[in-house]
Each structure stands twice: as structure tokens, then as C-alpha cells.
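The values are calculated or read from the model by the stated rules, or taken from the named source; none is laboratory data. Being a predicted model, the structure only gives us computed values, none of them experimental. Cβ coordinates were reconstructed from backbone atoms using ideal geometry, including for glycine residues, and neighbour counts include every protein chain displayed.
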Amino acid sequence: MNFLSGKSRHALLDQASQTAYDLLVIGGGATGAGIALDAASRGLKVALVDKQDFAAGTSSRSTKLIHGGLRYLKQLEFKIVRETGRERAIVHRLAPHLVVAEKMLLPLVENGTYGKALTALGLWVYDLMAGVSGDDRRRMLSKEKTLQQEPLLDKNRVLGGGYYAEYRTDDARLTLENIKTAVKQGAHCINYLTVKELLYEKEQVSGAVCQDHFSGREIQIRAKKVVSAAGPWVDEIRAINNSLYHKRLHLTKGVHIVVSRARLPLKQSVYFDVPDGRMIFAIPRGRSTYIGTTDTDYHGDINRPLTTQADVTYLLDGANALFPDAKLLPADVESSWAGLRPLIHEEGKSASELSRKDEIFVSPTGLISIAGGKLTGYRKMAQRVVSRVAQSLAAQGNVTFKPSRTHKLVLTGGDFGNAAAVDAFRNTVLAELAPLGFDAFDAGYLVHNYGRQTEDILKIFRAGTDKSGQGLILAELAFCMENELCLTICDFFIRRTGRLYFDIASVGQYAERVISEMALTYGWDTPRMAQERNELHQAVAEASRFDIAEKV
Ligand code: FAD
């Protein structure tokens with residue numbers, strides 16, 4: 001049975017209710033997906049559930065960088081810099097198509113966060129701690145060289161620049177490929193299944209009562225250990241477990257806005273000062289450039305963080321101050337996303353000052369919760385949690401599990417070896433698609449999203465008669481429904497393809513065709529199709545209109 005096919009969902013629910021698991025993971029964001037993969041590949045019998053789609057929480061709403069975290073150096077968090085620096089290189093090896101080297105320019109300006117000496121020293125320490133070598137080592141640039149590197153910078157303000165190596169990714173796709181790889185290792189991963197209650201045996205957590213979002217059906221999942229990787233919802237699960245005391249989460253909201261690349265045609269990524277003393281990123285991606293992030297305390301609905309007009313103004317002002325010729329206006333903002341950082345509360349500290357360190361809490365009834373941390377550190381966080389679970393299981397019974405081996409487990413689609421092989425593959429894909437009117441962006445989009453799995457999509461495309469953009473997107477959809485538990489139209493346009501953020505016009509263009517195709521595959525009736533249409537309209541409105549938050 002292919003448990004990644006949307007058509008196998010009922011069988012998957014049956015299977016989950018009948019299996020005795022070693023581990024149940026609550027939450028299918030980057031952290032939970034990493035835990036499921038680490039545990040399954042060590043030989044544990046694993047189930048993972050998420051109440052929404054995989055990655056629909058914070059893990060599709062980040063800055064999408066796999067980075068050593070220069071800002072942590074400023075906060076003297078050397079351990080985070082060292083660990084995440086090393087992790088970047090590992091995750092790049094596991095999925096070179098998806099975790100792509102990206103040079104970052106840090107322009108020096110009068111009264112900026114980093115002066116010249118501090119930038120030079122900071123980036124040197126950063127490279128050293130992160131183990132960066134060769135051409136990737138940081139360089140300090142003169143004013144002229146900085147402006148050559150990025151001509152859109154304000155020549156009256158820029159004094160010089162630091163130039164260093166980072167990686168960019170697609171957070172949702174990285175999460176999905178971890179889920180898929182975990183399933184290939186034997187895990188059962190189920191989206192749209194909410195943990196309502198926990199089960200107990202001898203006063204220890206022994207599973208959960210879960211409810212299917214679509215049918216309302218309830219199932220019990222039994223497991224020797226339960227880990228909550230519920231991100232911003234970690235305290236909700238701790239409350240269900242009656243263990244919400246001592247440390248708590250402190251949620252902060254981060255917004256990104258997207259403009260077309262034509263309106264902010266950056267040659268490369270820039271990390272820059274904004275007037276209130278913070279720093280933000282501007283990152284070119286495909287035909288778009290995105291700008292972010294904000295960092296403000298959040299007390300609203302965790303299920304629905306929204307972009308406000310104030311967020312948009314803050315980011316546009318910041319960008320216009322450094323790229324004055326762009327003269328970006330609110331009308332230039334095509335799309336946006338807002339995410340919540342699940343940080344650990346520290347008395348007296350502001351949103352930006354809070355540590356990004358991860359922490360594990362174990363309740364008296366054995367619920368293990370993990371919170372804080374970074375997308376970049378997901379693999380290492382997972383390793384730590386699973387080692388704890390494996391030790392505890394070993395102590396309880398006569399079992400031993402293998403050591404973690406996720407540092408060498410290539411993710412689905414990532415079988416390239418190095419970045420040069422990704423480029424060569426992209427050229428092959430372009431050679432096939434160019435005669436049909438597709439361009440380098442289209443080939444790059446497919447290869448960076450799906451890696452080697454692009455071959456599977458092209459196989460479906462070749463077999464069809466429609467050789468237009470619509471034919472290609474339908475091939476992509478068929479692949480996602482069969483291999484990625486893509487169950488709703490928003491799953492497709494947001495987390496599988498990123499189109500809602502980076503090509504929002506194409507969402508309206510293809511929505512009806514995609515709904516019809518999904519209705520055919522999954523047997524949707526007219527009310528279900530109407531519901532899907534409404535949910536997509538709402539997602540488009542929330543991404544592109546900034547008065548909604550004021551009305552909620
Ligand atoms: P989530 O992704 O939120 O996953 C938790 C999951 O639990 C959700 O999918 C939710 O649906 C599920 N869940 C909740 N309750 C239940 C329940 N009752 N039953 C079942 N499932 C449930 N990190 C970086 O390394 N690089 C960056 O560039 C970066 N930028 C960031 C920018 C912003 C604005 C933000 C907010 C964060 C950023 N981060 C970055 C941090 C990073 O995104 C997070 O650390 C990471 O995504 C958290 O993943 P998670 O799996 O812990 O949480």
C-alpha cells in the first residue's frame with residue numbers, strides 16, 4: 001500500500017488505529033517530520049499526526065533560509081551558531097536541489113547594527129564556527145565593490161559591505177521531503193488528524209484520541225512514547241496533559257511580503273538595517289523578491305496569524321530606505337505570509353531578544369515536548385529527542401535501537417551528490433521543455449521543488465496530450481496527489497508548489513482546473529468543491545489584502 005497517496009487515506013487511518021507504535025509524534029512541521037524520520041530510520045515503529053496539512057504551521061512561514069544565524073553571534077549564542085553552521089552543510093548534502101548556496105550581502109551604513117570592524121570580525125568568527133572554507137569564506141567589500149554587487153543600494157548611505165555564504169530553501173518542501181523519507185523508512189504520517197485527548201496507562205501517556213478533519217471519525221493511536229512537536233501549539237498539548245506550568249511559550253509574529261522581481265530587481269540576497277535598529281532580508285526568488293521579517297509579540301488566534309497594514313508599512317519603509325530608487329508602494333505587494341515563532345518565554349526580554357534555543361520538557365506522565373529552535377537545526381533537534389526516547393524504551397524493555405543516521409539519509413528527490421549535478425539536471429529539463437515554450441524559470445522551479453522527482457512529473461506530462469502550462473501543472477498535481485498526501489486545493493497551491501506566495505496570479509488562472517481534477521480523483525461532491533473554492537479564496541485574500549486582520 002502506498003501510504004503517501006491521498007487515495008489510501010482510509011486504509012492509513014485503519015492501519016494507524018490497529019498498530020502498536022513505539023512512538024507517536026504530534027505535529028508535522030519541520031521538527032516533527034525530522035523526529036519521525038530519525039526514529040523510523042533507527043528502527044522504531046512510528047506514527048506522526050498533524051491537525052492541518054504538513055508544514056501548515058510555522059514551517060511554511062519562515063524566511064526560508066538554512067543559516068548559521070549571524071544575529072545569534074551578536075547575542076553571543078556561540079553554541080547555536082556552531083551547531084546551525086554545521087547543520088547547513090549537512091542538510092545541503094541531503095537535498096542539494098532544495099538547500100541551495102546563496103551569497104548574502106550585508107551593506108555597511110552609518111550607525112548600522114554592525115560597523116566595519118565588527119562585521120569583519122563577526123563574519124570571520126561566523127565562518128570559523130560554521131566550518132566555512134574556500135570561496136565561501138567571507139569577504140569585506142569596498143563601497144564601489146558593494147555597489148557593483150548590488151546597484152540598487154543607496155549610494156549615499158552605503159559605506160562598504162560584508163559578503164558571506166548562506167543557504168536558501170523552501171521550508172514546506174523540506175518538511176514534506178522529510179515526511180516522505182520517513183514514510184519510506186516505515187513511518188505512518190497522517191495530515192488533517194487532530195489530537196483531541198491523550199491516553200494513559202499506569203499514569204503514563206500511552207497514545208492519543210485523534211479526530212479526522214474530513215469525516216469527523218475518531219481513532220485511538222497507541223504508542224509507548226508520545227512526543228509533542230506542536231510548535232506554537234506546544235502549550236495547548238501541555239494543557240491537555242495537565243502539565244502547563246513553569247516554562248511557557250512566548251509567541252512572536254514574523255511577516256514577509258512579496259513583490260515582483262521587476263519591481264525590486266535585486267541581483268542577490270541582502271541582509272540590511274532598518275530604521276528601528278533591527279535587520280531584515282530581501283531575497284530574490286524566481287520571478288519575485290520577498291522582504292522580511294517583522295518580530296512582534298503575538299496574542300491573537302494561533303491558527304490564523306495575519307499580515308496587517310502596519311506590517312506592510314514597516315517592511316516597505318525598511319526596503320525603501322535602502323533601495324530608494326525602487327519607490328515600493330503598498331500596491332506593489334502581491335502576496336505575503338505571517339508566521340509564529342514558538343520561543344521560550346524569558347522574563348523581561350523583548351521579542352527580538354528572546355533566545356532561539358530549543359528546549360525539551362518532560363511531564364510527570366511522560367509527555368515529551370520540544371519547543372523553540374530553528375528550521376536549520378531540525379535534524380539535530382530530532383536526533384536529541386529520539387535518542388532520549390530510544391534510551392527510555394531500551395531501559396523499559398529488552399530492545400536496542402540503531403544510532404541516528406539521518407546525516408547520511410538523502411531526502412526524496414535529493415539524489416544528486418552535489419550542486420553541479422543539480423545544475424546539469426536543470427539544463428536537461430530545460431532542453432526538453434524549451435521547445436514547448438517553457439523557460440529557465442520553469443525548469444528551475446521544477447528542479448528546485450522536486451529534485452529528481454521532476455522526472456516522474458515529466459513522465460506524466462509526456463503521457464498527456466496537453467503540452468501547455470496547464471498540462472504541466474496537472475502533471476504536477478497528479479504527482480502530488482499520488483506521492484505527497486496532497487488532499488486539498490490549498491495544500492497544492494500553498495505547501496506543494498508555493499504558488500500562493502511566489503506566483504499568486506497563476507492560482508486564479510489554474511484554480512478551477514485543479515479543483516475539477518482533484519474532485520475527479522477524490523470523488524468530491526458539489527458542496528465539497530464549493531468549500532475548497534471558498535478556502536482558496538480566503539487564503540488568497542489573507543495573503544494579498546491587509547485590512548482583514550483589522551476586521552477579525
Ligand atoms: P510547526 O511548523 O508550527 O509545526 C507544528 C505542527 O503541529 C503544526 O503543523 C500544527 O498543525 C501541528 N499541531 C498543533 N496542534 C496539534 C494537534 N492538537 N494535533 C495534531 N497536530 C497539531 N528558522 C530558520 O532556520 N531559518 C529561517 O529563515 C527562519 N525564519 C523564520 C521566520 C519567521 C517569521 C518565523 C516565524 C520563524 C522562522 N524560523 C526560521 C524558525 C522556524 O521556522 C521554526 O523554528 C520551525 O519552522 C518550527 O517548526 P515546528 O515543526 O517546531 O513547528
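Structure data summary
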{"read-out": "Every residue from the range 95-126 that is out of contact with any helix residue (DSSP H, G or I) (no Cβ under 8 Å at 6 or more places or on another chain) and assigned to a helix (DSSP H, G or I)", "value": "LYS116, ALA117, LEU118, THR119, ALA120, LEU121, TRP124"}
{"read-out": "All positions within the range 297-332 that are polar (S, T, N, Q) and in contact with an Asp or Glu (Cβ under 8 Å, 6 or more places away or on another chain)", "value": "THR307, THR308, GLN309"}
{"read-out": "Search result, residues across the range 489-516 that are of a type in the set (Val, Ile, Thr), farther than 13 Å from ALA56 by Cβ and touching a residue at least 60 places away in the same chain (Cβ under 8 Å)", "value": "ILE504"}
{"read-out": "Filter pass, ARG533 being modelled with pLDDT of 95 or more and surrounded by fewer than 18 Cβ atoms within 10 Å (Cβ to Cβ)", "value": "yes"}
{"read-out": "Members of the range 214-247 that are in a loop (DSSP other than H, G, I, E, B), of a type in the set (A, V, I, L, M) and away from the ligand (no atom under 11 Å from the Cβ)", "value": "LEU244"}
{"read-out": "Selected residue (criterion: modelled with the highest pLDDT) from residues of the range 376-412 that are surrounded by fewer than 17 Cβ atoms within 10 Å (Cβ to Cβ) and of a type in the set (Gly, Ala, Ser)", "value": "SER387"}
{"read-out": "Output for the range 281-298, where each listed residue is under 15 Å from TYR167 (Cα atoms) and of a type outside the set (Phe, Trp, Tyr)", "value": "ALA282, ILE283, PRO284, ARG285"}
{"read-out": "Selected residue [more than 13 Å from SER228 (Cβ to Cβ) and within 12 Å of the chain's Cα centre (by Cα)] from ALA20, ALA47, ALA40, ALA30", "value": "ALA30"}
{"read-out": "Any hit, the range 65-78, residues being at pLDDT 95 or above and surrounded by fewer than 24 Cβ atoms within 10 Å (Cβ to Cβ)", "value": "yes"}
{"read-out": "Hits in the range 189-211 - residues which are surrounded by fewer than 17 Cβ atoms within 10 Å (Cβ to Cβ) and away from the ligand (no atom under 11 Å from the Cβ)", "value": "LEU199, TYR200, GLU201, LYS202, GLU203, GLN204"}
{"read-out": "The range 445-473: number of residues that are touching a Gly at 6+ places or on another chain (Cβ under 7 Å) and assigned to a helix (DSSP H, G or I)", "value": "7"}
{"read-out": "Test: residue in the range 384-407 that is in a helix (DSSP H, G or I) and more than 30 Å from ASN242 (Cβ to Cβ)", "value": "yes"}
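The rows are residues; the columns are (1) closer than 30 Å to PRO275 by Cα; (2) buried (at least 24 other Cβ atoms within 10 Å of the Cβ).
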residue	(1), (2)
ASP14	no, no
THR31	no, yes
ALA39	no, yes
ARG42	no, no
ARG86	no, no
ARG93	no, no
LYS103	yes, no
LEU106	yes, yes
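The rows are residues; the columns are (1) in contact with a Lys or Arg (Cβ under 8 Å, 6 or more places away or on another chain); (2) basic (Lys, Arg); (3) within 16 Å of the ligand (Cβ to nearest atom).
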residue	(1), (2), (3)
PHE78	no, no, no
ARG82	no, yes, yes
GLU87	yes, no, yes
ILE90	yes, no, yes
GLU102	yes, no, yes
